[in-house]
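J.: Take this structure first; my questions come after.
The values are calculated or read from the model by the stated rules, or taken from the named source; none is laboratory data. Predicted, not measured: the structure shown is a model, and the values here were computed from it. Cβ placement follows ideal geometry from the backbone for every residue including glycine, while neighbour counts extend to all protein chains displayed.
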Amino acid sequence: MSPSAVYPEDDYNVVEASLNHWLDPAKGGHDHYITGTAGYYRRKFDAHPIKIKDFRGKEDEFNINTQGFGYLVSPTVGGDFRDSEKVKKEVYPETEQLLKDVTGATRVKVFSHILRNDSRDKAEKAVLDNPDVADDAPMEDVVPARFVHIDQSARGAEEVLEDNIHPPELAEKLKKTRYSIINVWRPIKKVFKDPLAMCDWRTVNEEEDLKPIMVYLPPKDTGFRYSTISEGEKFELVYTKYNPNHEWYYRSGMQPGECLLIKCFDTINDGKTARKVPHSAFTDPNGTDEKRESIEIRCLVFYEDQPLEG
C-alpha cells in the first residue's frame, strides 16, 4: 500500500530530523552486519530530512492493525529494568497478558528484551575517533538504533519462531496458524533524547521499499546483552529504502507507565491489516543531551484459531 497524505500535516505538531535509510551496497552500503561491534557504528546510510508528526492528543486514532503501531498507558510491575532476571520473572508475564488483551491472541511468548541505557553519541565517538579499532571489536554499549529498520523480515520472523519455540513440534504446529512479532517499547525515564519514529504501514510499498539484511549476533558465551536478542545465532532484518510517500509519526514526551506497541511482522496478508512497521530513533531538534533509557520486549504473538490460507 502506498497512499500519500493519510493525515494532513496541518493537524499535527511537526519536527524535522534526518533519518538513515538503506544505501545500495554498490554505493557504500552493506547487506549484513555484526551487532555489538565497532563496525555497527561505521555503517553508511542514505540520510534524508524527514518531517515527523507528533500524535500526542490523537493516540486513539492509531493502532497496530491500521498503522501498525499504537500507544498505551500501561503501568508495569517492572522497577529496576536493569535486573534481567527480574524482568523475565515479572515483566514477561504481564507483557504476554497485555498483548493477549490488546490483540485477542491465543498465545504470546516473550522471546527476548533489550535494555538501552548507554549514550549513542559517546559510543559512536569512541569508534569514529579511533580508526585502528577493528570492525569486529566488541562494544559493550547498547544504544538507540538510529537507522530505519524492521526487526525481522518474513524469513527472519520464521527463524525467530524456530529458534525460540520449543519443542520443534510445537514450532511447526504454530507456523501453520497466523502469527506476528510485536515489540512493546517502554521508557525507563522520561524521554528527552532519541525518541522513536514510526512509519505508517499504509504508506509503505513492501515490494520496492524493503531490503533484507542479515544480522549476526555475538557468541552466547559472552553474556553480552545483544547476544540475547534470540536463541539463534542470526536472523534477517529489514532496512527501508527512502520513499517520499512515507508518513512518519512519534509520540512526544513519553515517560514511565506508557508504552508503544510496534508490529514487526504479521503473516496475515489481507490488504488491510498492518503487517510491518519501519521505525528508527531520531535526533529531536527540540531535545536535550540527556541520554534515552528504554526497554523493548520482543514477543511472538499467535492466533491459533486463524489457520494460514493456502
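J.: Scan segment 13-40 for residues that are small (Gly, Ala, Ser), within 18 Å of residue 144 (Cα to Cα) and either without any contact (Cβ under 8 Å) to a residue 12 or more places away in the chain or in a loop (DSSP other than H, G, I, E, B) (or both) and jot them down.
T.: The answer is 36, and nothing else.
J.: For segment 73-119, enumerate the residues that are surrounded by fewer than 17 Cβ atoms within 10 Å (Cβ to Cβ), closer than 24 Å to residue 56 by Cβ and of a type in the set (A, V, I, L, M, F, W, C).
T.: 73
J.: Right, here's the next one. Considering 78, 68, 57, which residue is on the phi > 0 side of the Ramachandran plot and in contact (Cβ under 8 Å) with a residue 12 or more places away in the chain?
T.: Being on the phi > 0 side of the Ramachandran plot and in contact (Cβ under 8 Å) with a residue 12 or more places away in the chain holds for just one of 78, 68, 57, which is 68.
J.: Among the residues in segment 165-172, are any touching a residue at least 60 places away in the same chain (Cβ under 8 Å), farther than 14 Å from residue 40 by Cα and crowded, with 18+ Cβ neighbours inside 10 Å?
T.: yes
J.: In addition: Mind listing whichever residues of segment 120-130 are in a loop (DSSP other than H, G, I, E, B) and in contact with a helix residue (DSSP H, G or I) (Cβ under 9 Å, 6 or more places away or on another chain)?
T.: 130
J.: If you don't mind, another one. On the given criteria, is residue 171 within 17 Å of the chain's Cα centre (by Cα) and among the small types (Gly, Ala, Ser)?
T.: Criteria not met by residue 171.
J.: Sort through 157, 171, 197 and tell me the only one that's in contact with a helix residue (DSSP H, G or I) (Cβ under 9 Å, 6 or more places away or on another chain) and not polar (S, T, N, Q).
T.: 171
J.: Quick one: count up the residues across segment 249-263 that are out of contact with any Pro (no Cβ under 9 Å at 6 or more places or on another chain) and of a type in the set (Phe, Trp, Tyr).
T.: Counting residues in segment 249-263 that are out of contact with any Pro (no Cβ under 9 Å at 6 or more places or on another chain) and of a type in the set (Phe, Trp, Tyr) gives 1.
Matching residues to (1) farther than 20 Å from residue 238 by Cβ; (2) in a strand (DSSP E or B):
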| residue | (1), (2) |
| --- | --- |
| 270 | yes, no |
| 280 | no, yes |
| 287 | yes, no |
| 299 | no, yes |
| 302 | yes, yes |
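J.: Looking at residue 55 and the list (1) more than 18 Å from residue 241 (Cα to Cα); (2) modelled with pLDDT under 95, which single condition is not satisfied?
T.: Result: residue 55 passes all but (2).
J.: Shifting gears a bit: For segment 174-207, which residues satisfy the criterion of being assigned to a helix (DSSP H, G or I) and within 19 Å of the chain's Cα centre (by Cα)?
T.: Answer for segment 174-207, where residues must be assigned to a helix (DSSP H, G or I) and within 19 Å of the chain's Cα centre (by Cα): 201, 202, 203, 206.
J.: Follow-up question, since we're still on this one. Across segment 139-160, what is the number of residues that are within 18 Å of the chain's Cα centre (by Cα) and part of a loop (DSSP other than H, G, I, E, B)?
T.: Qualifying residue count for the region: 11.
J.: When you scan segment 73-82, do you find a residue that is modelled with pLDDT of 95 or more and under 25 Å from residue 254 (Cα atoms), even just one?
T.: Within segment 73-82, one or more residues are modelled with pLDDT of 95 or more and under 25 Å from residue 254 (Cα atoms).
J.: Can you go through 163, 136 and tell me which one is of a type in the set (D, E, K, R), modelled with pLDDT under 95 and not in a loop (DSSP other than H, G, I, E, B)?
T.: 163
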